[in-house]
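Since the structure comes first, as structure tokens, the remarks are kept for the end.
The values are calculated or read from the model by the stated rules, or taken from the named source; none is laboratory data. All values derive from a computational prediction rather than experimental measurement. Every residue, glycine among them, receives a Cβ derived from its backbone with ideal geometry; neighbour counts consider all protein chains shown.
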Amino acid sequence: MVYYEDKEIRIRDLENADIPVIVKKELAQGWHITEEKYLLRLRHREEVGAIALAAEYRGQVAGYINIYPDASWGPFGGKGYPEIVDFGVLEKFRRHGIGSKLMDVAEEIAGKYSDTVYLGVGLHSGYGSAQRMYVKRGYIPDGSGVWYGESVCGPYAECCNDDDLVLYFSKRTRQED
């Protein structure tokens with residue numbers, strides 16, 4: 001299914017054929033990634049109704065985003081709120097509006113399920129541009145503190161500043177009816 005299309009950007013369902021292309025480009029960027037992450041998103045589409053999207057820029061796969069309509073983890077887990085998970089734009093395609101359009105589409109989809117959407121963002125410097133973008137888009141910290149994996153990282157607890165160390169943010173997608 002195609003969710004958005006203009007002269008340069010197309011947002012559509014993620015396909016199996018996209019996975020090796022994305023992984024190859026991410027590895028070339030120095031990221032530590034495997035195909036399993038993306039295969040999991042496709043499995044979750046079937047198992048839990050997740051929505052896995054890909055972005056194309058001028059016909060080339062350029063990014064991805066996933067929406068879990070009723071996520072079961074994080075501070076809003078099991079409360080009927082959708083979560084945006086695993087959002088990325090390949091470095092060579094950044095600064096063309098692809099990330100903003102992916103977020104627009106993801107928020108529109110999330111708004112069909114709830115008036116609030118949430119996401120977790122990593123805390124190390126690799127997430128700096130994402131952190132700024134979420135704040136500019138109106139996301140605010142949920143107030144539960146820093147999470148590591150599946151649970152809140154307690155005050156003064158030691159933790160590893162890797163991709164599992166996140167701060168959760170939420171945003172209203174629409175006004176209540």
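Applying a threshold of 6 Å to beta carbon distances and a minimum spacing of six or more residues, or different chains, the list of pairs starting in segment 111-132 at a residue that is among the hydrophobic types (A, V, I, L, M, F, W, C) and ending at one that is surrounded by 16 or more Cβ atoms within 10 Å (Cβ to Cβ) and assigned to a loop (DSSP other than H, G, I, E, B) reads V117/P82; V117/T173. Sub-8 Å Cβ pairs linking a first residue in segment 27-50 that is touching a residue at least 40 places away in the same chain (Cβ under 8 Å) to a second residue that is assigned to a loop (DSSP other than H, G, I, E, B) and surrounded by 14 or more Cβ atoms within 10 Å (Cβ to Cβ), at least 6 apart or interchain, are Q29/L90; R41/L14; R41/A50, ordered by first then second residue.
Could you please give the count of residues in segment 161-177 that are touching a residue at least 60 places away in the same chain (Cβ under 8 Å) and under 23 Å from G128 (Cβ atoms)? Within segment 161-177, residues that are touching a residue at least 60 places away in the same chain (Cβ under 8 Å) and under 23 Å from G128 (Cβ atoms) number 3.
From the set of residues in segment 123-134 that are modelled with pLDDT under 95 and under 21 Å from P82 (Cβ atoms), which is nearest to the chain's Cα centre (by Cα)? If we take residues in segment 123-134 being modelled with pLDDT under 95 and under 21 Å from P82 (Cβ atoms), then A130 is nearest to the chain's Cα centre (by Cα). Cβ-Cβ contacts under 6 Å between residues 6 or more apart (or on different chains), taken from a first residue in segment 145-160 that is over 17 Å from L119 (Cβ atoms) to a second residue that is aliphatic (A, V, I, L, M) and surrounded by 11 or more Cβ atoms within 10 Å (Cβ to Cβ), are listed as C153/V146; C159/L165.
Tell me whether segment 98-110 contains one or more residues that are more than 15 Å from the chain's Cα centre (by Cα) and in contact (Cβ under 8 Å) with a residue 12 or more places away in the chain. Steps first, answer last, please.
Residues of segment 98-110 that are more than 15 Å from the chain's Cα centre (by Cα), as a first pass: none.
Checked segment 98-110: no residue is more than 15 Å from the chain's Cα centre (by Cα) and in contact (Cβ under 8 Å) with a residue 12 or more places away in the chain.
Looking only at residues in segment 10-25 that are assigned to a loop (DSSP other than H, G, I, E, B) and touching a residue at least 12 places away in the same chain (Cβ under 8 Å), which one is nearest to the chain's Cα centre (by Cα)? Among those residues, the one meeting the criterion is L14.
Being within 18 Å of G77 (Cβ to Cβ) and either surrounded by 19 or more Cβ atoms within 10 Å (Cβ to Cβ) or among the aromatic types (F, W, Y) (or both) is the requirement here; does Y118 meet it? Spelling it out, Y118 is indeed within 18 Å of G77 (Cβ to Cβ) and either surrounded by 19 or more Cβ atoms within 10 Å (Cβ to Cβ) or among the aromatic types (F, W, Y) (or both). Taking segment 130-155 as the range and being among the polar types (S, T, N, Q) and surrounded by fewer than 12 Cβ atoms within 10 Å (Cβ to Cβ) as the test, only S151 passes.
Residues that are under 22 Å from A55 (Cβ atoms) and touching a strand residue (DSSP E or B) at 6+ places or on another chain (Cβ under 9 Å) number at least 1 in the following strands (runs of 3 or more DSSP E) confined to segment 95-177: 116-122, 165-172. Counting the residues of segment 57-76 that are surrounded by fewer than 21 Cβ atoms within 10 Å (Cβ to Cβ) and part of a loop (DSSP other than H, G, I, E, B) gives 7.
Against the conditions (1) touching a residue at least 12 places away in the same chain (Cβ under 8 Å); (2) within 25 Å of Y57 (Cα to Cα); (3) surrounded by fewer than 18 Cβ atoms within 10 Å (Cβ to Cβ), R95 satisfies every one except (1).
For segment 26-52, name all the residues that are assigned to a helix (DSSP H, G or I) and of a type in the set (A, V, I, L, M, F, W, C). Passing the criteria: L27, A28, L39, L40, L42, V48.
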